[in-house]
Amino acid sequence: MTADFNELVDLAAERLGGAVLWANDEFFAEKDNLLKAEPAVFVPGKFTDRGKWMDGWETRRRRTPGHDWCIVRLGVPGLVRGVVVDTAFFKGNYPESCSLEATSAPQQATLEVLEAASWHEILPRTKLEGDASNAFPIERSWRATHLRLRIFPDGGVARLRVHGQAIPEPRWLGRPGTEQDVDLAAVENGGFVVAASDMFFGPRHALVMPGRAHDMGDGWETRRTRREGPEWVVVELAAEGTLRRVEIDTGRFRGNAPESAALAVSASPEGPWHDVLARTRLLPHTRHVLDVELLPHGAARYVRMSIWPDGGVSRLRLFGTPSRAGREAWGIARLNALSPEDARVELLACCGSSAWAERMVAARPLRDLASTRAEAARAAEGLEERDWLEAFGAHPRIGEKKGDARGWSAEEQSKVADADKTTLDALAEANRAYEAKHGFVYIVCATGKTAEAMLALARERLQGDRAREVVRASEEQRLITNLRLEKLVLR
């Protein structure tokens, strides 16, 4: 288990934007040392005016009840699969134990916001060893943006590593229906290097890290094979998609760049593989941009880069467009990864009934959009009138400028903007009359309907009785829910 999670990306890495935002105490050594990329070091005889210099975060000796803590913002939000609490060189001054909690909050959240957030424990209070790499698998975790490390009662921690699966904000995908290219391999988008034939001199994950390499150690490099080759590496794309442009960067590799490289794609990490870039000559210390050289291919989830005969590549960029199936799979995976609280918020945007949202949260994990819609229909069965009224109340009146935070209502009512003032005034009056008679807002699935059509429907439905209108409105809510679930999943 330990070896498995150590193979995953460090979500808290500084190079991904990870930061220690706050600590209640850092008297002997600064909190920012916790996330340094390089291993901790010890310098005999080095002191500051506060005491022995230590490469880590160290608090003063506590003389009052309680414990010390710090809050870490992950560089990339995701599912935490394992952590390493490294107490290197802290032999007589390490904490007796530690615990970890996680939450999901905006990137710019203040300390006050985070303190008021809902935190869930992912590592219960656990004993630590001094001068050791304390590795802990995480059995259960939801998508997190911030972690809170508690140390009991005080002491020093050299490094914190947070290994897991990246699940970034949905906007990385670009807007549905657009031809916007995104880097499907980038670790910050959720790309992951699954395997490599050899990584003697450089780790495979460096290939998909942000920016260009800062030195020759910041890339994937194999040993000298003394054979014809090729060596290879397999990348799992953040979402299934079609490649449009590729960048193979041999930056910093001057005397050990590969002679050539080729790319192939597949739906599975085991193949079968389909060529997308024929064997192409590479130059040392060069960023190679390839687009017209790419062969036609279908949407794929995995890319294999082969290099001849061996050597080093610093970065691999795979720009393309996510397929609809890729967007759907990514959206469902994200919904499944959300904490119950966060999932409830997302689902309430689709249907404002708390009872319905609770049932949907409990129905996870969801498989795909079709089964999610089926679950939505089942969750709606047996809802009481008060549940439907709660759902209706979450909608703005037809024609009102006030809408929801996502802008879905305005999008659904987009044709209302084309109506003349007489129609809009009549629609406003119909809304008021409907609410006065039935006691709840006039609700209709507005997508594709003109203001005139919705006005005619409102006048027709004014003639019905309240019981019939609750049923009719619930049918409209089901239609709206189905459309919004698609928006939620496909973004």
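In this structure, Thr64 and Asn6 have a Cβ-Cβ separation that, at R0 = 51 Å, corresponds to a calculated FRET efficiency of about 0.90.
In angstrom, the C-alpha Rg and Dmax of region 212-371 are 20.5, 66.
Inverting the pair-averaged 1/r between distinct Cα atoms of region 152-246 gives 16.0 Å as its Kirkwood hydrodynamic radius.
For the chain, the Kirkwood estimate of the hydrodynamic radius, built from every pair of different alpha carbons, is 25.8 Å. Pairs of Cα atoms in region 387-453 fall into 10 Å distance bins, from 0 up to the last occupied one, in shares of 21, 54, 24, 1 percent.
Ranked from largest to smallest solvent-accessible area, with a 1.4 Å probe on the protein heavy atoms, Arg254, Arg171 come out as Arg171, Arg254.
No solvent, one uniform scatterer per C-alpha: report log10 I(q)/I(0) for region 319-435 via the Debye equation at q = 0.16, 0.18, 0.21 1/Å, two decimals. Log-scaled intensity ratios, in q order: -0.90, -1.02, -1.17.
Cross-link partners of Lys46 among lysines, defined as those whose alpha carbon lies under 20 angstrom from its own and excluding same-chain residues fewer than eight positions apart: Lys31, Lys36, Lys91. With a simple spin-label model that places each label point 7 Å from the Cα along the Cα-to-Cβ direction, the separation between His274 and Glu452 comes to 4.8 nm. The residues of region 353-465 present an accessible area of 52 Å² per residue when probed at 1.4 Å with all protein chains retained. On a per residue basis, the convex hull of the C-alpha atoms belonging to region 121-187 measures out at 131 Å³.
Scaling the Cα radius of gyration of region 274-362 by the globular reference 2.2 N^0.38 Å produces a ratio of 1.73. Summary of packing: across the peptides 35-44, 333-342, the per-residue average of other C-beta atoms within 10 Å ranks them, highest first, as 333-342, 35-44. Reducing region 402-438 and region 173-222 to their Cα centroids gives an inter-centroid distance of 47 Å.
The share of C-alpha pairs in region 6-53 whose separation exceeds 18 Å stands at 45 percent.
The alpha carbons of region 192-242 occupy a box of 36, 25, 15 Å along the principal axes, longest dimension given first.
Taking the Cβ-Cβ separation of Arg281 and Ala37 as r and a Förster radius of 56 Å, what is the calculated FRET efficiency to the nearest 0.05? After rounding to 0.05, the efficiency reads 0.95. Here each label is just a point 7 Å from Cα along the line to Cβ, and for His214 and Val345 those points are 3.3 nm apart.
Global size of region 27-143: 15.5, 44 Å for Rg and Dmax (C-alpha atoms, Rg to one decimal, Dmax whole).
On the accessible surface of region 71-155, probed at 1.4 Å, how many percent belong to carbon and sulfur atoms? Of the solvent-accessible surface of region 71-155, carbon and sulfur hold 47 percent.
Each Lys and Arg contributes +1 and each Asp and Glu -1, all at the Cβ; summed about the Cα centre of region 419-491, the dipole is approximately 260 debye. For the pair Leu424 and Glu228, a Förster radius of 56 Å applied to the C-beta separation gives a FRET efficiency near 0.15, rounded to the nearest 0.05. Taking 22 Å as the limit for the C-alpha separation, the pairs Lys421/Lys449; Lys415/Lys487; Lys449/Lys487; Lys421/Lys487 exceed it in the case of Lys421/Lys487. Per-residue Karplus couplings for region 248-257, computed as 6.51 cos²θ - 1.76 cosθ + 1.60 with θ equal to phi - 60°, are listed in order as 10, 9, 9, x, 6, 9, 9, x, 9, 6 Hz, Gly and Pro entered as x.
Think of a 1.4 Å ball rolled over the protein heavy atoms: region 152-265 then has 40 Å² of accessible area per residue.
Using a simple spin-label model with pseudo-atoms 7 Å out from Cα toward Cβ, Glu400 and Glu129 lie 6.2 nm apart. Farthest towards the positive end of the charge dipole of region 110-212, among the residues Trp142, Thr110, Val182, is the Cα of Trp142, using unit charges on the Cβ of Lys, Arg, Asp and Glu.
Which percent of the Cα-Cα distances in region 186-293 go past 24 Å? Tail fraction, whole percent: 20. Any idea what angle helix 324-337 forms with the longest principal axis of the chain, computed on alpha-carbon atoms, 0 to 90 degrees, nearest 10? With rounding to tens, the tilt is 80 degrees. Per-residue 3J(HN,Hα) values for region 44-60, derived from phi via the Karplus relation 6.51 cos²θ - 1.76 cosθ + 1.60 with θ = phi - 60°, read x, x, 8, 10, 10, 6, 9, x, 5, 6, 10, 8, x, 9, 9, 9, 6 Hz in sequence order (x marks Gly and Pro).
In region 368-491, the portion of solvent-accessible area held by carbon and sulfur atoms comes to 51 percent [1.4 Å probe, whole percent, DNA, RNA and ligands not counted].
The values are calculated or read from the model by the stated rules, or taken from the named source; none is laboratory data. Being a predicted model, the structure only gives us computed values, none of them experimental. Because the Cβ atoms are built from the backbone with ideal geometry, glycine has one as well, and the counts that use them run over all protein chains shown. Only protein heavy atoms, including side chains, enter the accessible area calculation; ligands, DNA and RNA are left aside. Shrake-Rupley method; radii C 1.70, N 1.55, O 1.52, S 1.80 Å.
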